[in-house]
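Below you'll find the structure, written out as structure tokens, and then a few comments.
Just so it is clear, none of the values below were taken in a lab; they were calculated from the coordinates. It should be emphasised that the depicted structure is a prediction, and the values quoted were computed from it without experimental measurement. Virtual Cβ from ideal backbone geometry, glycine too; neighbours counted across all protein chains shown.
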Amino acid sequence: MKTRFILINTSHAGNVGAAARAMKTMGFGDLVLVAPRWANVLNREETIQRASGALDVLRNARIVATLDEALDGMTHLCATAMTPRDFGPPTVTPREHFESLSKKELLTQVVRGLEADLSYKPEGDAVQSELPAAQQGVAFLFGCERFGMSNDDVYRCHACLSIPSDPKFGSLNLGAALQVIAYEWRLALGGFAAPVAVQPESADTLPAPTGSARFDVLADASQMAGMLAHWEQALISIGFLDPLAPKKLMPRLNQLFNRAGLTQGEIHILRGIAKMMDQTAPAKNLTAPVQSTKG
């Protein structure tokens, strides 16, 4: 489904750059400006700085004279407003409206599947008249910074989106408002997969990891016991644990590490730390008294 963000009579160049950045962050690139204050707004220094690298969005953006030109090809229009109007399209939160759009699209797909597989024909033409998803377009309209959208422009829309905010202070910067709506719309479209974390390399002081020291496999009971025994010896070496009065220090550490759900790679790191404590303790604690530990 095509997605377009339309800024009407924008007066601050920085907001255009911020809008481009917000769009690119959420994977959108269709930006149209309707009669902005600056004819060269897409090339102004403040715009480029606030875009923070989203220069492709600026390069592909269009400037048009009228809203009609900006809406070309769009089939569902969403206005934005801080407060509801007495007349016009219903005022809804972005998430509420996007969920209804998703359900409507799902219903359309189900009915079309029945038509294809069972030669089922629903009564009326409500579903059949809808365009395929590839031919549909959703446009999000944002008014000027000072006055917002005009009533006439709002009346043309199917819904008026209002971002939930503190009733005593609902003022949002244009770029911030666009970011929220772009985020909610991206979630409704399925979102993005979480990035895969890059596993940290072992420190130079640690023993070389073996093939079993993996960061995506949980440590088993024997590995946990071995690590705790290593730590117990290290804590004695540095004077933190009194072997004659250990109290409940080690069982408490055992519970702590159990809650952490350690992986084999993390066990490897912790044993490396214990090894270094053992190696450095004699030079620093030959005469140091053993500290008392609280169980």
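Miscellaneous remarks
- Rounded to 0.05, the FRET efficiency of the Thr66 and Lys168 pair, given R0 = 51 Å and the Cβ-Cβ distance, is 0.90.
- Modelled label reach - Arg146, point 7 Å along Cα→Cβ, region 27-67 residues with backbone N closer than 15 Å: 36-38
- Exposure proxy order (Cβ contacts within 10 Å, fewest to most) of Met1, Met149: Met1, Met149
- Distance distribution note for region 1-91: the fraction of Cα pairs above 16 angstrom is 55%.
- The label point for Ile273 and the one for Ser52, both projected 7 Å from the Cα toward the Cβ, are 3.3 nm apart.
- Fewest-first sequence of Glu145, Glu184, Glu45 by Cβ atoms within 10 Å of each Cβ: Glu45, Glu145, Glu184
- Taking the number of Cβ atoms within 10 Å of each Cβ as an exposure proxy, the fewest-first ranking of Phe257, Phe192, Phe28 is Phe192, Phe257, Phe28.
- Contour excess over end-to-end distance, with Cα ends at Phe87 and Arg37 and 0.36 nm allotted per residue: 15.1 nm
- Computed extension length for Arg214-Asp242: 6.8 nm, one decimal, from 0.36 nm per residue of separation with the Cα-Cα distance subtracted.
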